[in-house]
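To keep things clear, I will list the structure first and then write my remarks on it.
What follows is calculated from the coordinates using simple rules that are stated; it is not laboratory data. Worth saying up front: this structure is predicted, and the values here are computed from it rather than measured. Virtual Cβ from ideal backbone geometry, glycine too; neighbours counted across all protein chains shown.
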Amino acid sequence: MKITILQVGKTKDSYIEEGLKEYEKRLQAFCSLEKITLKESTGAKSKQEQIQEESKEIIKKLSSHKDHKKILLDISGRALSSEEFASTIKRIRDFETGKIIFIIGGPYGVSDTVRKAVDLRLSLSKSTFTHQMIRLIFLEQIYRAFTIIEGKKYHY
C-alpha cells in the first residue's frame with residue numbers, strides 16, 4: 001500500500017520530529033510512506049489570503065495524485081473510531097486504489113476548493129491541535145490502523 005502525507009509547513013519542534021521518525025520507521029512494515037511538505041505562505045496579508053495561497057498549492061499537488069484516494073484532515077469532517085479508520089484503510093488497500101493521500105493543511109486550515117476536491121474529510125477530534133502536533137497523533141493512528149488490520153497486539 002502507498003500512503004502519501006501532504007502537509008503545509010515544516011515540523012519545527014524536535015520532539016514532534018523525533019516521534020514522527022519513530023512511527024515512520026514502524027510503518028515500513030505495512031506500507032510505503034511518502035511525505036510532501038509545502039511551504040507555509042508567509043507573504044499573505046490576511047488569514048484568508050494564506051488559506052487561499054496554501055490551498056492553491058495543495059490542489060496542484062493533488063492533480064498529480066489522481067489515482068489516490070484523497071482524505072483531508074478537517075475539524076468539521078467525519079469522526080471515525082480507530083477500528084472504523086482501520087476498516088477504511090483496509091478497504092482502500094484491498095478493494096480500491098491501494099493508494100491514499102492524506103492532506104494536513106496549514107495553521108488556518110484549507111479552502112472550500114480543497115474540501116470539495118477530496119473523497120473524505122476526516123476529523124480526529126473535536127478538540128483543536130496545532131497542525132504540527134496533529135501530524136504525530138495522525139501518524140500514530142495510521143500505525144494503529146495497520147496493527148488492527150494485521151491483528152497485532154498494539155490496540156487494546
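Site pair residue 2 and residue 150 shows an inter-label distance of 2.1 nm when each label is modelled 7 Å from Cα along Cα→Cβ.
The string of couplings for the range 132-141 from the Karplus curve (6.51, -1.76, 1.60, θ = phi - 60°) is 7, 4, 5, 4, 5, 4, 5, 4, 5, 5 Hz, one whole number per residue in order, with x for Gly and Pro.
Computed from Cα atoms, the angle from the helix 82-95 axis to the main principal axis of the chain rounds to 90 degrees. Compared with the dominant principal axis of the Cα atoms in the chain, helix 47-63 is inclined by about 50°.
One chain, two ends: residue 10 and residue 96. Fully extended at 0.36 nm per residue, the span grows by 27.9 nm beyond their Cα-Cα distance.
Give me the dipole magnitude in Debye, nearest 20, for the chain about the Cα centre, with unit charges on the beta carbon: positive for Lys and Arg, negative for Asp and Glu. If you can, show how the numbers build up before the last one.
Working: 29 positive and 21 negative charges, 43 e Å.
For this selection, approximately 200 debye.
Principal-axis analysis of the Cα atoms of the chain puts helix 14-27 at an angle of about 40° to the longest axis.
Output the pairs from 2/47; 66/153; 90/116; 61/153; 10/70 with a Cα-Cα distance over 31 Å in this structure; if there are none, say none. Please list the in-between numbers first.
On the way: 2/47 33 Å; 66/153 35 Å; 90/116 24 Å; 61/153 36 Å; 10/70 21 Å.
The answer is 2/47; 66/153; 61/153.
When the Cα atoms of the chain are enclosed in a convex hull and the volume is divided per residue, what value in Å³ results?
Working: hull volume 17.0 nm³, N = 156.
So the per-residue hull volume is 109 Å³.
A Förster radius of 22 Å combined with the Cβ-Cβ distance from residue 78 to residue 130 puts the calculated FRET efficiency at roughly 0.55. Put a dot 7 Å past the Cα of residue 119, heading toward its Cβ, do the same for residue 17, and the two dots end up 3.3 nm apart.
Other residues whose C-beta falls under 13 angstrom from the C-beta of residue 9 contribute a net charge of -1, scoring Lys and Arg +1 and Asp and Glu -1. Length gained on full extension, residue 64 to residue 112, computed as 0.36 nm times the residue gap minus the Cα-Cα distance: 15.3 nm.
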